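**Q** Submitted below is the structure of interest, expressed as structure tokens.
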Amino acid sequence: MNFTRCGLDIAKQVFQVHAVNEHGLAKGRKTLQRGKVLEYFARLPPCLIGIEACGGAHYWARALSKLGHTVKLMAPQFVIPYRKRGKNDANDAEAICEAVGRPNMHFVAVKTEEQQAVLMVHRARSLVVANRTALVNQIRGLLAEFGLVVPKGIARLRAQLPRILEDAENGLPPLAGEVLSALLEQFHELDQRIQQYDLKIRELARQSEPARRLMQVESIGPMTATAVVASMGDPHAFNSARNYAASLGLTPRQYSSGGTTRLGPITKQGDRYVRTLLVHGARAYLRVVDKKTDGKGAWARGVKERRHVNIAAVALAAKHARIAWAMLANNTEYRPTQLKEAAA
């Protein structure tokens, strides 16, 4: 089997392989069960394997790399233009095989098991936060049915709900009080889980040398630092700091043609979670930007004065993304820019 490039369409149980030789001619099309995938590729000489970056892709990339193959992951939207005719497993595998051979293709860095474990902590925390938000909204709706309205904010509900349950003159039926008491107990349990995840993330940040360096940047705390380090993977998978910011959807969408450049809103593509953390951190920085005396503070102040605060927050988030990439790619410490350097 003289294969030089393969496209592997992965799934839960049924996998499809499309292989070509050095001339790009199809030499192998095969359907494999999950348990036979590694056995099949173990018999092949080392070759280039393309996989769409989806669920389980990083695991298969690591497993196939151990067999001596070169594995590259691609975003599914970059594979779609190479697919012919209708969508099925065979056509998907052929499109993947064609896309992975393109010299200008953008690839996704393969994450290590440790990086994926850190991201798992973040995803689990996000799930608990979403469940708490849903529970809070449910409690507010139930209270409103009895004419009891609690001001906005989780902290206010946390403080006022016990008082409502203790008040015997608010007209709340005993059965409703029992239900709300159970929901309050569930509310406290979710709070404790979120605190446990927060402690775990802070511990992970202390143990990670790259995360500790990133936390030298204002508005980047343990949560953002660990998420950036784990989600970025290999920094050198990005050609520049701007490419990394673009991968997070923090760069303007272009509508340029005929030599005329038109920039629109940000693309919002890529990792929404990391983008949200960076933007929230930038908002916190802008609240105290008037007290900053370094070059970045002066720049952020100027943007805030010229444009809307939301635009300034996104611009600052993009700058922080570029700074984070430069620090991780070059293995350097954070060096605040002085005013004279910013002016130059």
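The values are calculated or read from the model by the stated rules, or taken from the named source; none is laboratory data. Since the structure is predicted, the reported quantities are computational estimates derived from the model, not experimental observations. Positions of Cβ are generated from backbone atoms using ideal geometry, with glycine treated the same way; all protein chains shown enter the neighbour counts. All accessible areas refer to the heavy atoms of the entire protein, side chains included, with ligands and DNA or RNA removed. Shrake-Rupley method; radii C 1.70, N 1.55, O 1.52, S 1.80 Å.
**Q** Distance in nm between label sites at ALA144 and GLN77, each 7 Å beyond Cα in the beta-carbon direction?
**A** Placing both labels 7 Å beyond Cα along the Cβ direction yields 3.5 nm.
**Q** Okay, moving on. Output ³J(HN,Hα) for the range 8-24: one whole-Hz value per residue in order, computed from phi by the Karplus curve 6.51 cos²θ - 1.76 cosθ + 1.60 with θ = phi - 60°, and x for Gly and Pro.
**A** 10, 8, 8, 7, 6, 10, 10, 10, 10, 10, 10, 10, 10, 8, 5, 9, x
**Q** Okay, next question. In percent, what relative contact order does the chain have, based on Cα pairs under 8 Å that are 6 or more apart in sequence?
**A** Numbers: 460 pairs, mean separation 40.2, N = 344.
12 percent.
**Q** Give me the compactness ratio for the range 1-127, meaning the Cα radius of gyration over 2.2 N^0.38 Å.
**A** Values: Rg = 14.6 Å, N = 127, 2.2 N^0.38 = 13.9 Å.
In units of the globular-protein estimate, the range 1-127 measures up at 1.05.
**Q** What is the spin-label model distance, in nm, from HIS23 to LEU183 if the labels are put 7 Å beyond Cα along the C-beta direction?
**A** The two pseudo-label positions are separated by 7.1 nm.
**Q** Using only the alpha carbons, work out the radius of gyration and Dmax of the chain in angstrom.
**A** So, for the chain, Rg and Dmax equal 25.4, 84 Å respectively.
**Q** Right, here's the next one. Given the convex hull over the Cα atoms of the range 134-188, what projected area results after averaging over all orientations, in nm²?
**A** Numbers: hull surface 13.5 nm².
Approximately 3.4 nm², given one-decimal rounding.
**Q** Using a 1.4 Å probe over the heavy atoms of the protein chains, calculate the carbon and sulfur portion of the accessible area of the range 190-344 as a whole percent.
**A** On the way: 4260 of 8560 Å².
Within the range 190-344, the accessible surface is 50 percent carbon and sulfur.
**Q** With +1 on each Lys and Arg Cβ and -1 on each Asp and Glu Cβ, how big is the dipole of the chain about its Cα centre, in debye rounded to the nearest 20? Intermediate results must be reported in sequence, preceding the final value.
**A** Values: 50 positive and 29 negative charges, 250 e Å.
Dipole magnitude for the chain comes out near 1200 debye.
**Q** Calculate how large, on average over all directions, the projected area of the Cα convex hull of the range 125-250 is; give the answer in nm² to one decimal. Intermediate results must be reported in sequence, preceding the final value.
**A** On the way: hull surface 40.3 nm².
Taking a quarter of the hull surface, the average projection is 10.1 nm².
**Q** While we're on this one: Given a Förster distance of 35 Å, report the FRET efficiency between LYS84 and LYS36 from their Cβ-Cβ distance, rounded to the nearest 0.05. Walk me through the numbers on the way to the answer.
**A** Values: r = 26 Å, r/R0 = 0.75.
The formula returns an efficiency of 0.85 here.
**Q** Another question about this same structure. Could you put THR332, THR251 in order of accessible surface area, largest first, with the 1.4 Å probe and the full protein assembly present? Don't skip to the end; give the middle numbers.
**A** Working: THR332 55, THR251 10 Å².
So, going from the largest accessible area down, we get THR332, THR251.
**Q** Here is a follow-up. Any idea of the accessible area per residue across the chain, 1.4 Å probe, to the nearest Å²? Before the final figure, lay out each step's value.
**A** On the way: 19180 Å² over 344 residues.
Normalised by residue count, the accessible surface of the chain is 56 Å².
**Q** Grab the other residues whose beta carbon is less than 12 angstrom from that of LYS36, score K and R as +1, D and E as -1, and report the net.
**A** Counting the neighbours of LYS36, the net charge comes to +2.
**Q** Right, here's the next one. Using a 10 angstrom cutoff on alpha carbons, build the Gaussian network for the chain and name the most mobile of GLY24, GLY221, GLY249.
**A** Checking each option, the largest mean-square fluctuation is seen for GLY24.
**Q** Choose one of VAL228, VAL279, VAL20: the residue whose Cα lies farthest towards the positive end of the charge dipole of the chain (beta-carbon charges +1 Lys, Arg; -1 Asp, Glu; about the Cα centre).
**A** VAL20
**Q** For VAL309, what is the net charge nearby, where nearby means another residue's Cβ is under 15 Å from its Cβ and Lys, Arg count +1, Asp, Glu -1? Write out the running numbers ahead of the final one.
**A** Values: positive: ARG283, ARG287, ARG301, LYS304, ARG306, ARG307; negative: ASP290, GLU305.
Neighbourhood net charge equals +4.
**Q** Going by amide H atoms built from the backbone, whose H comes under 5 Å of the H on ARG5, apart from near neighbours?
**A** Amide H to amide H, under 5 Å and 5 or more residues apart or across chains, ARG5 pairs with VAL20, LEU48.
**Q** Taking the chain as a Gaussian network, Cα atoms linked when under 10 Å apart, which of PRO210, PRO174, PRO235 shows the biggest mean-square fluctuation?
**A** Of the options given, PRO174 has the highest mean-square fluctuation.
**Q** I want to check the label-to-label distance for LEU67 and THR112. Put each point 7 Å from Cα in the C-beta direction and report it in nm to one decimal.
**A** 2.4 nm
**Q** Sticking with this one: In whole Hz, with x marking every Gly and Pro, tabulate ³J(HN,Hα) for the range 285-298 from phi via Karplus 6.51 cos²θ - 1.76 cosθ + 1.60, θ = phi - 60°.
**A** Values per residue, Gly and Pro as x: 5, 5, 5, 10, 5, 5, 8, 7, 10, 8, x, 5, x, 5 Hz.
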